[in-house]
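What follows is a set of notes on a single structure, which appears directly below.
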Amino acid sequence: HIKMWNSVTGAEVWESPGQPACHVAFSPDGKLIVSGSRDTLVKIFHADTGAELCTMRGHLDSVTSVDFSPDGKRVVSGSEDGFVKIWNATTGTELWSSGRHDDPHSPAYLKPVNTVAFSPDGRQIVSGGSQDGIVIESAETGTEDSPTTGHSDQVFSVGFSPDGKRVVSGSKDTLVQIRDSKTCSVVRTLTGHSDTVWCVGFSPDGRRIVSGSSDKLVKIWSAKTGAELLTLRGHSREVTSVAFSSDGTCVVTGSYDKTVKIWDAKEGTKFCTLRGHLHPVASVAFSPDSKRVVSGSFDTLVKIWNAATGAEMRTLRCHADFVRSVAFSPNGKLIVSGSDDKLVM
């Protein structure tokens, strides 16, 4: 299910039934929602009304990751079928499809695809999957790919730097890697984690990288030199989700230990631990003004927290199964959540 919530009152705005939603995202203007689900479909909804605007059919297995282009005109999807597809966000027309992840003779053989993302200028797409390759390709044609090895196991998280010049990736091989987005060559390999790296991301200014791992640690790195700047210790189980605040001063983390933590991203000190979930936390995000945090958990709950005090502001109780993905709208007024109960809200 996908559910939409008012982030201030906690009121449910709308819900969309369907197959379990693996990933949800807002369009850059906040007017649309895209979802990828286990029924092989990619869907776009009106953010205010929940009206289903179009359904994209073409994948043959679960859709694991989706993203809007920066101009909101296209959507990229990655699936367990090994394909990356680009769609027209207005008509739902498939613009192109890349099967390099499904080709065992390609160095990009990654089936399935775990993660996809557009570059900030909308000209490139990065995807990573279940073997050791990452593909960076033209978002216009899908032909200018630069498959590369470097990781020795599954890639679970990828992302572009704010200037689009670099790509960061996290893998089961315990490594965080930084690549040149034009050549896909590895320019830095960041070693320090001792278990699977589930989540990575750049700071808003592109100078730092945050990573979360099954080794229970959160690390902050220099994006320029690859030096380990900080190790944040406090979680007692796997760290599943990480995010910088909009000003880069804080980091929020979610973990299998059922807690959400907010950290000083420059000193490495812990501001607060947010307790209230009864099962692992799968997804966390800051509001655009960094004053609130949203979390989604396997306990079926979505919670909104005061980022300054750690106080629980709202508990949203409408899902009936694991909540896997949460996000604030660009204006901070709405929250979208995707769950295994087949609702998008």
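Roughly how big is the chain's charge dipole about its Cα centre, with Cβ charges of +1 (Lys, Arg) and -1 (Asp, Glu), in debye to the nearest 20? The partial results should precede the final answer.
On the way: 37 positive and 39 negative charges, 189 e Å.
It works out to roughly 900 debye.
In square angstrom, rounded to the nearest 10, how much accessible surface does Cys250 have for a 1.4 Å probe?
In the full protein context, Cys250 sits at about 20 Å².
With a 1.4 Å probe and all protein chains kept in place, how much accessible area does Trp198 have, in Å² rounded to the nearest 10?
100
Using the structure shown, list the pairs from Lys3/Lys43; Lys172/Lys303; Lys43/Lys303 with a Cα-Cα distance above 18 Å, or answer none.
Lys172/Lys303; Lys43/Lys303
Would you be so kind as to identify which of Val84, Phe202, Gly36 lies farthest towards the positive end of the dipole of the chain, taking Lys and Arg as +1 and Asp and Glu as -1 on Cβ and the Cα centre as origin?
The Cα lying farthest towards the positive end belongs to Phe202.
Name the shape class, rounded, prolate or oblate, that the alpha-carbon gyration tensor gives for segment 152-231, where a ≥ b ≥ c are the square roots of its eigenvalues, rounded holds for a/c under 1.5, and otherwise prolate holds if a/b is larger than b/c and oblate otherwise.
Values: a/c = 1.76, a/b = 1.28, b/c = 1.37.
Oblate, since a/c reaches 1.5 and b/c is not below a/b.
What shape does segment 225-294 have by the C-alpha gyration tensor, where a ≥ b ≥ c are the square roots of the eigenvalues, rounded means a/c under 1.5, and otherwise prolate means a/b greater than b/c and oblate the rest?
Values: a/c = 1.85, a/b = 1.24, b/c = 1.50.
Oblate is the answer for segment 225-294, as a/c is 1.5 or above yet b/c matches or exceeds a/b.
Before I look further, what does the chain give for accessible area per residue, probe 1.4 Å, in whole square angstrom? List each step's numbers first, then the result.
Details: 13130 Å² over 345 residues.
Per-residue value: 38 Å².
For Ser283, enumerate residues with amide H under 5 Å from its amide H, sequence gap 5+ or separate chain, H modeled in the peptide plane.
Amide H neighbours of Ser283, under 5 Å, 5+ apart: Gly296.
To the nearest 20 debye, what charge dipole does segment 225-328 have about its Cα centre, counting +1 at the Cβ of each Lys and Arg and -1 at the Cβ of each Asp and Glu?
Working: 13 positive and 10 negative charges, 54 e Å.
Result for segment 225-328 is approximately 260 debye, rounded to the nearest 20.
Order Leu232, Leu95, Leu41, most accessible first, counting only protein heavy atoms with a 1.4 angstrom probe. Please report the intermediate quantities before stating the final value.
Working: Leu232 0, Leu95 90, Leu41 25 Å².
If we order Leu232, Leu95, Leu41 from most to least accessible, we get Leu95, Leu41, Leu232.
At 1.4 Å probe size, put Ser290, Ser7, Ser152 in order of accessible surface, largest to smallest. Please report the intermediate quantities before stating the final value.
Working: Ser290 25, Ser7 0, Ser152 95 Å².
So, going from the largest accessible area down, we get Ser152, Ser290, Ser7.
Pick from Gly170, Gly268, Gly212: which residue has the top mean-square fluctuation in a GNM of the chain where Cα pairs under 10 Å get a spring?
Among Gly170, Gly268, Gly212, the largest GNM mean-square fluctuation belongs to Gly268.
Report, in debye and to the nearest 20, how large the dipole of segment 56-103 comes out about its Cα centre when Lys and Arg carry +1 and Asp and Glu carry -1 on their Cβ. Could you put the intermediate results ahead of the total?
Values: 5 positive and 8 negative charges, 51 e Å.
That gives a dipole near 240 debye.
If I ignore ligands, DNA and RNA and count only protein heavy atoms, how much of Arg324 is accessible to a 1.4 Å probe, in Å² to the nearest 10?
Result for Arg324: roughly 80 Å² accessible.
Percent of accessible area on the chain owned by carbon and sulfur, 1.4 Å probe? Intermediate results must be reported in sequence, preceding the final value.
Values: 6070 of 13130 Å².
Carbon-and-sulfur percentage of accessible area, whole number: 46.
Please arrange Lys266, Lys85 by accessible surface area, largest first, computed with a 1.4 Å probe and ligands excluded.
On the way: Lys266 135, Lys85 15 Å².
Result, largest first: Lys266, Lys85.
For Lys266, give me every one of the aspartates and glutamates with a C-alpha distance below 15 angstrom, ignoring sequence neighbours fewer than eight places off in its own chain.
Asp205, Glu228, Asp247
Label the chain by shape, choosing from rounded, prolate and oblate, from the square roots a ≥ b ≥ c of the eigenvalues of the Cα gyration tensor; if a/c is under 1.5 it is rounded, and otherwise prolate applies when a/b is larger than b/c, oblate when it is not.
Values: a/c = 1.61, a/b = 1.06, b/c = 1.52.
Oblate.
The values are calculated or read from the model by the stated rules, or taken from the named source; none is laboratory data. Remember, predicted model here, so these are calculated numbers, not experimental data. So basically every Cβ, Gly included, is an ideal-geometry build from the backbone, and we count neighbours across all protein chains shown. Each accessible area value is taken on the protein alone, full model and side chains, heavy atoms only, with ligands, DNA and RNA left out. Shrake-Rupley method; radii C 1.70, N 1.55, O 1.52, S 1.80 Å.
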